[in-house]
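The values are calculated or read from the model by the stated rules, or taken from the named source; none is laboratory data. This is a predicted model, so every value here is computed, not measured. So basically every Cβ, Gly included, is an ideal-geometry build from the backbone, and we count neighbours across all protein chains shown. Accessible surface is based on the protein model in full, side chains and every heavy atom, while ligands, DNA and RNA are left aside. Shrake-Rupley method; radii C 1.70, N 1.55, O 1.52, S 1.80 Å.
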Amino acid sequence: DAVIVNPGAVLGPWDFKPSRMGSVILDLYHHDIPAVVDGGYNWVDARDVVQGMLAAEQKGRRGQSYLLTGHWASLTELSTLIGRISGRRTPRLATPISLAWMASWGSLAVAKYRKQMPKFTPAAIRAVRMHRYISHQKASDELGYQPRPLEQTLRDTLDWFARQGMLRA
């Protein structure tokens, strides 16, 4: 007796910690990583997820599940958008999945040794290879869900990070 919602990779302003996805945006902005992985995610704004959850609570059908996703973009496209919005040079080189997969195991080991969150994991590498063709159409049709453009999410997120002093010059 429930309505289930499943968001994509959540981004957006008010990311205080920042989240793993917020850290990706900051790493791309600061050029703290030399390359991105040749893959992508279905990115969704946190504000749209909240609106989708509220709509699901009011309009969702009992026993149904709704994908609250946004727009699929490769990590290269995400980096390019961040560069265009900010005017900064961002990574454009895409590392092949096979090389990233091997490196992810090393990333796990180093993070464990340093007691830190790994930059990328084998699970993350699997995720960027999959889920390209997921659709929020059911949520749009039944809940009126309409995610905003990815560029707007990134612009708002970078503006918020700047106001918080999280962007280095």
Any pair with Cβ under 7 angstrom, 6 or more apart, that starts in region 47-73 at a residue that is more than 24 Å from Asp15 (Cβ to Cβ) and without any contact (Cβ under 8 Å) to a residue 40 or more places away in the chain and ends at one that is of a type outside the set (Phe, Trp, Tyr) and open to solvent by 60 Å² or more (accessible area, probe 1.4 Å): none
Residues of region 1-50 classified as assigned to a helix (DSSP H, G or I) and under 18 Å from Gln137 (Cβ atoms), total: 2
Any chance Ile134 is open to solvent by 20 Å² or more (accessible area, probe 1.4 Å), under 30 Å from Gly63 (Cα atoms) and β-branched (Val, Ile, Thr): yes
Some residue of region 73-91 being more than 30 Å from Gln137 (Cα to Cα), outside any helix (DSSP H, G or I), open to solvent by less than 50 Å² (accessible area, probe 1.4 Å) and at pLDDT 90 or above: yes
Qualifying residue in region 113-122 (condition: surrounded by fewer than 19 Cβ atoms within 10 Å (Cβ to Cβ), under 17 Å from the mean Cα position of the chain (by Cα) and touching a residue at least 24 places away in the same chain (Cβ under 8 Å)): yes
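Within region 112-139, which residues are assigned to a helix (DSSP H, G or I), modelled with pLDDT of 85 or more and either touching a helix residue (DSSP H, G or I) at 6+ places or on another chain (Cβ under 9 Å) or not polar (S, T, N, Q) (or both)?
Matches in region 112-139: Lys112, Tyr113, Arg114, Lys138, Ala139.
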